[in-house]
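Note sheet for the following structure.
The values are calculated or read from the model by the stated rules, or taken from the named source; none is laboratory data. Predicted model, so just to flag it, every value in this text is computed and none were measured. Cβ sites come from the backbone with ideal geometry, for glycine too, and all protein chains shown count toward neighbours.
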Amino acid sequence: MKNPISNLQKVFESRIRLGIMSALMVNDTLDFNALKELLELTDGNLASHLKALEQQEIIVVSKQFVGRKPSTTYQATDLGKNLFRQHLAALEELIGNQ
Amino acid sequence: MKTNSSNPKEDIQAIREIMERSSKFLSLSGLSGVFAGVCALIGAAFAWLVVLGSGSVHYDEYLCSVGASPFNQIIINLGIDALIVLVAAILGAFYFSYRKAQKSAQKLWTSSTRRLLGHLFIPLVSGGIFVLILVFRNNIDLVASAMLIFYGLSLVNAGKFTLGEIHYLGLTEIALGILAGIFVHHGLLFWVLGFGVMHIIYGTVMYYRHER
């Protein structure tokens, strides 16, 4: 049998990135403040993890203006969703094997 | 929040918890349902005892026979009564949900709250306008039925974004609304069942399931 660990995604090893991705799996888009409140993180900490996810093309960022205020929203890419599902399946398999 | 994960079980729990918290409004308190139910019962008792003279005037037949103008005193009194019940119930819902949110250190006004209210209010406001149309066109006998059905549809629509019981409360209200339409002369009775008794029952169930 294939070792499930090989399906674990290194990028989701961080609980924070796992959290960001969990939220983006069930919400089409979320803005920075919504993620910040949800995960109870500081601006800098959240921003650095979002940047890492963006660089790996797991999420996409779009900036627009709501009235005069800039608003940044985040969305999971198809690639990101697939990787997340693989990661989740691997986690479940690991639990099953224990 | 832990930075690195090593335990797959904990990871899955965290995923589930964040998915639920980010997509559902979980601060809804069962007590707000109980409070709304009590308000509805008091309002209905007032309507029955004071406005309708203890049933000495059967409400729909009487109202239809008074007829010519929708602005007669009885309809105005019933309208004011209903409005007070509505405002009290909404204030109660906010108060008890605020308390529940504080207790679990959650924010009350989040994107899931806004989404819940959006999905709740679209059918609810349409229903409210439709009920006003019924009143102005003197179709008073169908008001209880329309209120229950539209309220039920609003709850079913909003149920996806909050505690699961709301979905079933919505279905119950729709069923009662249809019955109220069939047994048109017992509108007030179904109104009391739907807005009073059901709120108290479901509110109590929600309180014991999620807040104890």
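Structure notes:
- Breaking point among (1) touching a residue at least 24 places away in the same chain (Cβ under 8 Å); (2) more than 10 Å from chain B (Cβ to nearest Cβ); (3) not polar (S, T, N, Q), for residue A:20: (2)
- Yes/no for residue B:104 being within 14 Å of chain A (Cβ to nearest Cβ) and either loosely packed, with under 15 Cβ neighbours inside 10 Å or farther than 26 Å from residue B:21 by Cβ (or both): yes
- A single member of B:162, B:172, B:110 is more than 17 Å from residue B:86 (Cβ to Cβ) and crowded, with 21+ Cβ neighbours inside 10 Å, and it is B:162.
- Hits in the range A:1-59 - residues which are within 16 Å of residue A:86 (Cβ to Cβ), in a loop (DSSP other than H, G, I, E, B), under 14 Å from the mean Cα position of the chain (by Cα) and among the polar types (S, T, N, Q): A:9, A:56
- The range B:54-90: number of residues that are at pLDDT 85 or above and not in a helix (DSSP H, G or I): 0
- Hey, residue B:100 part of a helix (DSSP H, G or I) and farther than 28 Å from residue B:144 by Cα or not: yes
- Top-ranked residue in the range B:17-27 [being in a helix (DSSP H, G or I) and more than 8 Å from chain A (Cβ to nearest Cβ); ranked as modelled with the lowest pLDDT]: B:20
- Yes/no for residue A:29 being surrounded by fewer than 16 Cβ atoms within 10 Å (Cβ to Cβ), touching a Ser or Thr at 6+ places or on another chain (Cβ under 7 Å) and among the β-branched types (Val, Ile, Thr): yes
- Only one entry in A:14, A:62 is in contact with a strand residue (DSSP E or B) (Cβ under 9 Å, 6 or more places away or on another chain), farther than 19 Å from residue B:107 by Cβ and surrounded by 14 or more Cβ atoms within 10 Å (Cβ to Cβ), namely A:14.
- Any hit, the range A:65-79, residues being without any contact (Cβ under 8 Å) to a residue 12 or more places away in the chain, over 15 Å from the mean Cα position of the chain (by Cα), under 29 Å from residue B:101 (Cβ atoms) and assigned to a helix (DSSP H, G or I): no
- Filter result for residue B:179 (assigned to a helix (DSSP H, G or I), surrounded by 15 or more Cβ atoms within 10 Å (Cβ to Cβ), touching a Phe, Trp or Tyr at 6+ places or on another chain (Cβ under 9 Å) and modelled with pLDDT of 95 or more): yes
- Here residue B:138 passes the criteria (1) more than 14 Å from every other protein chain (Cβ to nearest Cβ); (2) in a helix (DSSP H, G or I) except the one numbered (2).
- Qualifying positions in the range B:182-200 - surrounded by fewer than 16 Cβ atoms within 10 Å (Cβ to Cβ) and within 30 Å of residue B:27 (Cβ to Cβ): B:197
- Test: residue in the range A:68-91 that is within 10 Å of chain B (Cβ to nearest Cβ), within 30 Å of residue B:109 (Cβ to Cβ) and out of contact with any Gly (no Cβ under 9 Å at 6 or more places or on another chain): yes
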